[in-house]
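Just below is one structure, and these are the notes that go with it.
The values are calculated or read from the model by the stated rules, or taken from the named source; none is laboratory data. Worth saying up front: this structure is predicted, and the values here are computed from it rather than measured. All Cβ positions, glycine included, derive from the backbone under ideal geometry; neighbour counts span all protein chains shown. We work out accessible area using only protein heavy atoms, side chains counted, and drop any ligands, DNA or RNA first. Shrake-Rupley method; radii C 1.70, N 1.55, O 1.52, S 1.80 Å.
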Amino acid sequence: MTILLFYLVLGLLLLGGLFAYSLQGKPRLSLRVGFSFALGSAVAGTVLGIIILLTGDTVYTGAGFASLPGMNRAFLIDPLAAFFILVISLVSLAVSIFSFGYAEEYIGRHNLGILGLLYNLFLLAMVALVASGNAFFFLFFWELMSLASYGLVVYDHRDSHVRRAGFVYIVMTHIGTLFIFLAFLLLYQAAGSFDFEHMAQFGRQLPAGFKTGIFLLVTVGFGTKAGIIPLHIWLPKAHPAAPSNVSALMSGVMLKTAIYGFIRVVWDVLGGGSAWWGIFILSLGAVSALLGVMYALMQHDIKELLAYHSVENIGIILMGLGAALIFQGYGLPALAMLGLVAALFHVLNHALFKALLFMGAGAIHHATRTRDMEKMGGLLKLMPWTGFFFLVGSISIAALPPFNGFVSEWLTFQSLLVLGSAPLSLKLNILGPVFGAALALTGALAAVCFVKAFGIQFLAQPRSTQAAKAKEVPRSMLIGMGILAVLCLGLGIFPSSAIQLLNPVTLHLVGYGSVQALGGYAWLNPQIPLLPNLSYHTTIAPFVLFVVLAFGVLLVYRVVKWLGHGGTRIDETWNCGGTLSPKMEYTATSFAKPIRIIFRRILLPKRVVETEYALGSHFTRSLKYEGAVKPFFEDILYRPAQNVFLKVSGKMRLLQSGSIHLYLGYLFITLVILLIWAK
Amino acid sequence: MLAVGLTILQMLFVLGFAPLLSGIIKKTKAFFQSRRGPSLLQPYRDLYKYLQKETVLSEHTSWIFRITPYVYFVAILIVALTLPILTTFGMLSFTGDLFIVIYLFALARFFLALAGLDAGSAFGGMASSREMAVSAIAEPALMLPLFTMAIAAGTSNLSGIVEQVAQGGWPALTSAHLMTFVALFVVGIAETGRIPIDNPDTHLELTMIHEGMLLEYSGKQLALLTLAVHIKQLLIFALLANLFFPWGIASPAAGFQVSTLLIATLAFAAKAVGLGMVMAVIEISMAKMRLFKIPDLLMGSFLLGLLGLISHVLLRG
């Protein structure tokens with residue numbers, strides 16, 4: 001029954017793509033058909049994910065593939081895969097609705113048949129990838145996902161920046177894929193089968209060095225896709241280049257498939273490893289989180305800002321995973337469960353609020369035709385609903401209660417605190433809280449960044465005529481954003497619902513259910529047994545908090561109204577007696593300036609001021625200001641590597657003279673060497 | 001029933017006592033500056049005055065500006081309900097997790113910073129930008145000492161921590177404990193917006209941080225925000241006083257009597273006034289720091305917190 005639902009998901013996506021493509025002559029119809037099928041499959045996928053997570057069953061298909069060597073399972077949907085299918089489906093549900101209105105702006109400018117085809121194929125690849133039962137299928141769909149998303153990134157291909165971004169993306173993603181290929185081939189060699197089930201039986205008994213090798217390969221491979229620093233450089237280029245509905249999917253969901261792959265290999269196949277793996281992942285996560293949010297603060301293109309926040313949030317997810325790996329390494333499954341729940345819950349939450357924010361950015365672009373924050377302002381009055389939903393996303397991503405980001409960051413904090421108090425080594429006891437402090441700084445900087453993102457775009461006066469003329473976006477786009485905004489609040493005040501869904505996942509991965517330790521309905525109540533006589537416990541009650549907050553605001557409003565006298569008058573903002581103009585408002589650049597100066601040794605800001613004088617040095621004719629942050633990793637890591645690569649390629653050219661005789665000679669020599677070697 | 005009564009009592013105490021505490025600090029400063037200073041009741045009179053005044057709203061503002069005073073006030077008030085101030089068994093103390101408390105402060109600040117940007121004047125934007133930057137770099141220095149306490153107590157619930165320390169008796173006062181306290185005290189100065197980090201008395205546009213965000217507020221809304229700032233100061237003091245020196249607090253272990261509550265109230269008032277006087281002395285004996293020197297100070301406090309953590313882990317053995 002459930003497997004039929006799975007086929008329905010894939011089938012609808014395939015048909016949707018093909019229909020959309022074949023109807024490309026009628027763009028409006030093609031758009032409706034393409035996104036309707038995607039929407040239908042998203043609904044089916046949501047139901048499928050929830051059914052499997054509630055029952056805890058594993059569903060698989062396989063019989064038809066007996067003739068393929070090394071593969072018994074084509075698709076295998078265990079609770080872990082079902083959870084990721086749920087994440088993908090929830091996001092694509094909202095994004096598909098959003099796309100009905102959003103994609104209309106491409107009518108007459110671009111081929112909508114291609115958009116519908118690639119969009120559906122992209123979703124298909126992601127769902128099939130997490131449901132793959134063997135490494136071969138996994139890699140096939142992984143590559144399909146990369147190619148479909150590349151096609152979507154360069155959809156607006158007339159812009160040279162977009163083509164350039166697409167190039168960086170496809171190169172980086174294939175470097176990553178190379179590492180994943182290598183890891184899976186090595187596992188195949190060891191296990192003699194591509195099946196994950198089969199690999200899992202052998203994986204746990206592999207020699208430690210071999211396991212570490214696999215671990216490092218998948219960290220680099222999946223890390224490139226997830227965008228951890230320093231492998232992130234494609235991310236802030238590719239996400240802004242793509243259409244906003246695609247950015248929402250890429251950032252919200254595609255990065256998560258890399259997290260899925262990592263968990264699948266490291267937990268399911270290898271069964272965890274030594275504790276230093278965890279410390280390594282934790283450090284990578286902390287660096288990505290901190291640098292990601294700092295770079296995000298320096299952006300004033302709204303989509304680049306959001307893209308860097310993806311780097312940050314992947315960092316937070318890795319911190320949870322790292323803590324879990326450490327506990328796993330010490331053989332403490334109950335504690336590993338806490339870290340895993342934190343990471344997986346954050347996977348879901350980040351997917352929801354990041355897709356929401358990218359859709360918000362798309363809506364703003366739809367209304368103002370710009371992504372430059374410095375040209376916006378005052379949009380809250382012109383686009384009240386978009387503004388409200390963007391605010392919900394901003395509060396969620398800044399990890400403020402009572403929204404969902406807070407709960408998963410709270411769980412991450414708790415796993416780091418447990419790291420500080422569990423009977424591990426003294427070093428880890430100190431490192432845990434220090435990483436916690438790094439997470440605290442990340443969270444606080446994210447709050448700064450979203451005060452900037454929301455405040456500069458939506459508040460005060462419009463800074464340009466485009467912003468002043470903005471209009472609220474069509475209803476379908478608002479519904480798409482609204483669904484995710486409701487989910488952000490819902491998961492924030494009822495986090496236990498997600499804990500409930502994650503129960504079979506952690507049971508499957510570490511043998512310890514999340515409900516028995518985190519339990520509760522209205523509140524989260526971790527009771528973590530550290531030692532028989534020592535336990536760690538605390539409670540939060542987000543729902544109670546929400547109720548008190550909502551009623552408190554109403555009550556205080558009534559009381560103050562009753563106590564106070566004097567009416568309300570609308571008047572102008574005080575401006576030292578002058579008339580206020582939008583030019584006087586704080587800009588995004590100036591808002592971030594304190595942070596830019598405080599962290600100048602990390603961010604390496606560059607500032608060029610050119611003054612042209614009219615008369616002597618007292619009368620300025622014009623002033624030109626240029627500020628930027630040094631692209632550190634591009635300059636230090638990628639450009640030298642690129643230079644070496646080009647130099648080597650230049651040398652290689654000597655071999656290629658163009659003479660056919662020489663090439664035949666090469667073939668002959670190679671053959672002789674191979675024959676000698678094979679003998 | 002008892003818990004409900006105690007919670008309401010604690011809230012009323014906080015609402016009533018917080019302005020007085022500000023008055024005491026002002027008076028202390030005046031004393032050291034050889035002035036008479038405003039009356040102890042002046043903060044109450046100010047609040048009353050604001051309540052009577054007309055509210056002027058800027059034409060450029062949106063609903064964010066209008067709801068911010070309420071969100072700010074209520075968020076701070078919830079912290080007052082969850083923190084162990086007079087007692088550790090309040091109605092909401094079960095959810096008084098340290099992260100809830102810190103992040104409710106952050107929620108309040110988030111809205112106030114947005115409101116600062118909303119009116120469209122450069123002063124509000126400047127203040128928002130500075131407030132967010134200073135609070136962001138204060139965050140790790142604020143969290144680390146709290147982590148040390150949470151790890152020592154085996155819970156991140158503040159009431160739980162307070163009870164652990166209270167039951168520990170005098171041996172709880174280790175060097176790690178004291179170092180952690182000093183680290184948190186420095187951050188407390190930043191969080192209450194006092195010299196050398198911010199100056200609560202200034203109304204010079206270019207130097208103010210917190211006051212700049214309130215610049216456009218008037219009437220009832222200003223009254224709410226001002227009261228909330230008084231309360232926030234009291235709560236930070238409560239965090240410092242009760243987390244590290246909880247003795248006197250009414251806890252279920254001691255059994256409940258009216259006299260317990262009376263002692264708890266007096267003990268807390270004495271601790272808060274003592275802390276306030278120390279802050280006042282620091283304020284009159286220092287000049288405000290340059291904005292970009294503040295990170296150095298907070299870095300120092302973070303390192304002290306780290307030392308506290310390390311010595312705690314080592315001493316625990």
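Which whole number gives the average, over all residues in B:285-295, of C-beta atoms from other chains lying within 10 Å of the residue C-beta?
The mean count of partner-chain Cβ atoms within 10 Å per residue comes to 1.
When the Cα atoms of the range A:450-490 are enclosed in a convex hull and the volume is divided per residue, what value in Å³ results?
84 Å³
Taking a 1.4 Å probe, which of A:Trp562, A:Trp142 shows the most accessible area, and what order do the others take after it?
A:Trp562, A:Trp142
Pick out, from A:Ala351, B:Leu173, B:Leu6, the residue whose Cα sits farthest towards the positive end of the charge dipole of the protein assembly as shown, with +1 on the Cβ of Lys and Arg and -1 on the Cβ of Asp and Glu.
Result: A:Ala351, furthest along the dipole toward the positive end.
Mind jotting down the distance between the C-alpha centroids of the range B:253-308 and the range A:637-663, whole Å?
67 Å
Which cross-chain or sequence-distant (5 or more) residues have an amide H under 5 Å from the amide H of B:Ser58, H modelled 1.01 Å from N in plane?
For B:Ser58, the qualifying residues are A:Asp571.
To the nearest 20 debye, what charge dipole does the protein assembly as shown have about its Cα centre, counting +1 at the Cβ of each Lys and Arg and -1 at the Cβ of each Asp and Glu? Each step should come with its number before you reach the end.
Details: 63 positive and 41 negative charges, 306 e Å.
About 1460 debye.
State the answer as a single residue: which of A:Phe591, A:Leu8, A:Gly322 lies farthest towards the positive end of the charge dipole of chain A, with beta carbon charges of +1 for Lys and Arg and -1 for Asp and Glu, about the Cα centre.
Comparing the listed Cα positions along the dipole, A:Phe591 ranks first.
Near A:Ser622, within a Cβ-to-Cβ distance under 14 Å, what is the net charge of the other residues, with Lys and Arg +1 and Asp and Glu -1?
Around A:Ser622, the charge tally is -1.
Using +1 at the Cβ of each Lys and Arg and -1 at the Cβ of each Asp and Glu in chain A, identify which of A:His239, A:Ser622, A:Gly203 lies farthest towards the dipole's positive end.
A:Ser622
Quick check on my link table: of A:Lys452/A:Lys606; A:Lys375/A:Lys583; A:Lys375/A:Lys452; A:Lys561/B:Lys220; B:Lys232/B:Lys271; A:Lys303/A:Lys354, which ones sit more than 18 Å apart, alpha carbon to alpha carbon?
Numbers: A:Lys452/A:Lys606 21 Å; A:Lys375/A:Lys583 10 Å; A:Lys375/A:Lys452 14 Å; A:Lys561/B:Lys220 8 Å; B:Lys232/B:Lys271 16 Å; A:Lys303/A:Lys354 11 Å.
Table pairs above 18 Å Cα-Cα are A:Lys452/A:Lys606.
Report, in debye and to the nearest 20, how large the dipole of chain B comes out about its Cα centre when Lys and Arg carry +1 and Asp and Glu carry -1 on their Cβ.
680 debye
Given H placed 1.01 Å from N in the peptide plane, which residues other than close sequence neighbours of A:Phe75 have an amide H under 5 Å from its amide H?
HN-HN under 5 Å from A:Phe75: A:Thr61, A:Gly133.
Show me the ranking of peptides A:168-178, A:478-488, A:358-368 by mean Cβ neighbours inside 10 Å, starting with the highest.
Numbers: A:168-178: 18.3, A:478-488: 22.8, A:358-368: 27.0.
Those peptides, ordered most packed to least, come out A:358-368, A:478-488, A:168-178.
Given 20 Å bins starting at zero, what is the percent of C-alpha pairs of chain A in each, up to the one with the largest pair distance?
Bin by bin from 0 Å, the calculated values are 17, 50, 27, 5, 0, 0.
For B:Arg109, what is the net charge nearby, where nearby means another residue's Cβ is under 15 Å from its Cβ and Lys, Arg count +1, Asp, Glu -1?
-3
Ranked from highest to lowest mean number of other Cβ atoms within 10 Å per residue, what is the order of the peptides A:253-261, B:307-315, A:314-322, A:208-216?
On the way: A:253-261: 24.8, B:307-315: 19.6, A:314-322: 29.8, A:208-216: 16.1.
The peptides rank, most packed first, as A:314-322, A:253-261, B:307-315, A:208-216.
Apply the membrane-span-like helix rule to chain A: whole DSSP H runs, Cα extent along the own long axis of at least 15 Å, mean Kyte-Doolittle hydropathy at least 1.6. List the helices found. Before the final figure, lay out each step's value.
Numbers: long enough: A:2-22 (30 Å, 2.14); A:27-55 (42 Å, 1.51); A:79-102 (34 Å, 2.14); A:112-131 (28 Å, 2.39); A:135-153 (26 Å, 1.64); A:160-191 (46 Å, 1.28); A:208-226 (26 Å, 1.11); A:275-297 (33 Å, 1.84); A:302-329 (40 Å, 1.11); A:333-368 (51 Å, 1.33); A:384-397 (20 Å, 1.41); A:404-421 (26 Å, 0.77); A:426-458 (48 Å, 1.58); A:475-493 (27 Å, 1.99); A:495-510 (21 Å, 0.89); A:542-563 (30 Å, 2.09); A:639-652 (19 Å, -0.24); A:660-678 (27 Å, 2.20).
Membrane-span-like by this rule: A:2-22, A:79-102, A:112-131, A:135-153, A:275-297, A:475-493, A:542-563, A:660-678.
Before we go on, tell me the buried accessible area for the A/B pair, both chains summed, 1.4 Å probe, in Å² to the nearest 100.
Working: alone 29620 and 14230 Å², together 36960 Å².
For A against B, buried area totals roughly 6900 Å².
Apply the membrane-span-like helix rule to chain B: whole DSSP H runs, Cα extent along the own long axis of at least 18 Å, mean Kyte-Doolittle hydropathy at least -0.5. List the helices found.
B:2-32, B:63-82, B:98-118, B:122-153, B:175-191, B:219-244, B:258-285, B:294-316
How big is the equivalent ellipsoid of the range A:634-678 along its three axes, where each semi-axis is √(5λ) from the Cα gyration tensor, reported in whole Å from largest to smallest?
32, 16, 5
Just for the Cα atoms in the range B:198-317, what are the lengths along the principal axes, largest first, rounded to whole Å?
Sorted from largest, the Cα extents of the range B:198-317 read 51, 42, 24 Å.
Report, in whole Å, the centroid distance computed from the Cα atoms of the range B:153-200 and the range A:423-455.
Centre-to-centre distance over Cα atoms comes out at 19 Å.
Please state the relative contact order of chain B as a whole percent: Cα pairs under 8 Å, 6+ residues apart?
Worked out over chain B, it gives 28 percent.
Excluding ligands, DNA and RNA, what is the solvent-accessible area per residue of chain B at a probe of 1.4 Å, expressed in Å²?
About 34 Å² of surface per residue is accessible.
Would you calculate, for chain A, the mean residue ellipticity at 222 nm contributed by helices, counting each DSSP H stretch of 4 or more residues as -39,500 (n - 2.57) and dividing by all residues, to the nearest 500? Show your work: numbers first, answer last.
On the way: 28 runs with 463 residues, N = 679.
Value at 222 nm, helices only: -22500 deg cm²/dmol.
Using packing as a proxy for protection, rank A:220-229, B:161-170 so that the peptide with the highest average count of other Cβ atoms within 10 Å comes first. Display every interim value, and only then the final one.
Details: A:220-229: 25.5, B:161-170: 17.8.
Packing order, densest peptide first, comes out as A:220-229, B:161-170.
So how far, in whole Å, is the C-alpha centre of the range A:101-180 from the one of the range A:483-504?
With the range A:101-180 and the range A:483-504 each reduced to a Cα centre, they are spaced 29 Å.
Per-residue mean of other chain beta-carbon atoms within 10 angstrom of the beta-carbon, peptide A:569-580?
Mean shielding by partner chains, rounded to a whole number: 5.
Do the sum for chain B: with -39,500 (n - 2.57) for every DSSP H run of n ≥ 4, divided by all residues, what is the mean residue ellipticity at 222 nm, to the nearest 500 deg cm²/dmol?
Result for chain B, helices only: -24500 deg cm²/dmol.
Using a 1.4 Å probe on the protein heavy atoms, what percent of the accessible area of the range A:555-679 belongs to carbon and sulfur?
65 percent
Using only the alpha-carbon atoms of chain B, report the extent along each of the three principal axes, biggest first, to the nearest angstrom.
Sorted from largest, the Cα extents of chain B read 59, 45, 43 Å.
Taking Cα pairs under 8 Å and at least six residues apart, what relative contact order does chain A come out at, in percent?
Details: 1146 pairs, mean separation 77.7, N = 679.
Relative contact order for chain A comes out at 11 percent.
How many partner chain Cβ atoms sit within 10 Å of a residue's Cβ in peptide A:424-434, on average, as a whole number?
The per-residue average across the peptide is 4.
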